[in-house]
Amino acid sequence: MGSLATWLRVLLNPFAEHEPASAVGKAVAPPPVTQETWPSPPADAIALFLDFDGVLHRAENGSFERMPQLVTLMQRFPQLHIVLSTNWRLHARRLQLLDYFPDAIHERLIGVTPYLPSSWPPRRERECHAFAHRAGLTRYVALDDDASGYSEGCSFLVLTDRYVGLDDDAVSRVEARLVALGAIAADS
């Protein structure tokens with residue numbers, strides 16, 4: 001019955017922080033980063049829900065070796081704004097997260113997805129939808145190396161190879177998705 005109660009709480013208030021059914025009756029603090037204020041997205045924003053591991057670097061090597069590809073993508077599509085869906089958001093404050101990015105794109109980081117417990121639909125997909133709904137975003141893409149956080153055939157997911165990261169092929173697939181959403185490239 002605990003999982004039904006949790007599911008009902010999520011349905012009634014999808015934007016609140018909910019504890020997993022196994023934690024009912026135990027004190028569970030939400031990650032601190034979800035409590036911080038981020039800038040509001042502009043009206044024409046297209047969100048890029050961004051994972052780090054397997055996207056900005058290979059697997060978990062932490063090098064951010066694929067950051068130049070992300071910066072180029074951001075320069076090419078001025079409507080694109082970043083929302084961090086990475087698990088790194090759970091263990092770092094806003095300023096720490098900003099430090100991973102070049103100053104030139106800081107103003108285009110608009111938040112982090114809320115932490116929601118595992119349930120159907122898959123957790124990361126649900127976290128993206130919750131952020132988009134709360135922020136009034138209707139156009140978005142998720143860039144992730146792990147399909148298990150999303151339902152099969154998730155229309156907004158662009159999957160990377162976790163051992164390669166954001167390579168030219170992945171950039172091309174993100175660009176195609178952005179164009180399909182009505183984004184206009186700066187060099188068009």
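Figures for the structure shown
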| read-out | value |
| --- | --- |
| Over the stretch 31-180, relative contact order from alpha-carbon pairs under 8 Å, at least 6 apart, % | 33 |
| Neighbour-count order for Arg89, Arg66, Arg123, fewest beta carbons within 10 angstrom listed first | Arg123, Arg66, Arg89 |
| Chymotrypsin sites (Phe, Trp or Tyr not before Pro) lying in DSSP loop within the stretch 93-188, provided at most 15 other Cβ fall within 10 Å | Tyr163 |
| Integer Hz, Karplus 6.51/-1.76/1.60 couplings in order for the stretch 148-158, x for Gly and Pro | 5, x, 9, 6, 4, x, 3, 5, 9, 8, 10 |
| Of every Cα-Cα pair in the stretch 144-188, the percent that sits beyond 14 Å | 55 |
| Separation in nanometres of the label points that stand 7 Å from Cα toward Cβ, at Tyr100 and Phe64 | 0.9 |
| Cα principal axis extents for the stretch 31-180, largest first, Å | 35, 33, 32 |
| Cα-based radius of gyration of the stretch 107-155 once divided by 2.2 N^0.38 Å, which approximates compact folds | 1.13 |
| Amide H partners (placed H, <5 Å) of Ala142, local residues excluded | Phe49, Leu157, Val158 |
| Label point distance in nm, Thr138-Arg173, each placed 7 Å from Cα along Cα→Cβ | 2.7 |
| Residue-wise HN-Hα coupling along the stretch 36-43, computed from phi with Karplus coefficients 6.51, -1.76, 1.60 (Hz; x: Gly, Pro) | 8, 8, 10, x, 6, x, x, 4 |
| Computed over the stretch 98-188: relative contact order in percent, which uses C-alpha pairs under 8 Å that are six or more apart | 20 |
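A short reminder: the numbers here are calculations on the coordinates, not readings from a lab. Treat the numbers as computed from the prediction; the structure is a model and nothing was measured. A quick note on method: Cβ atoms are made from the backbone with ideal geometry, for glycine too, and the neighbour counts reach across all protein chains shown.
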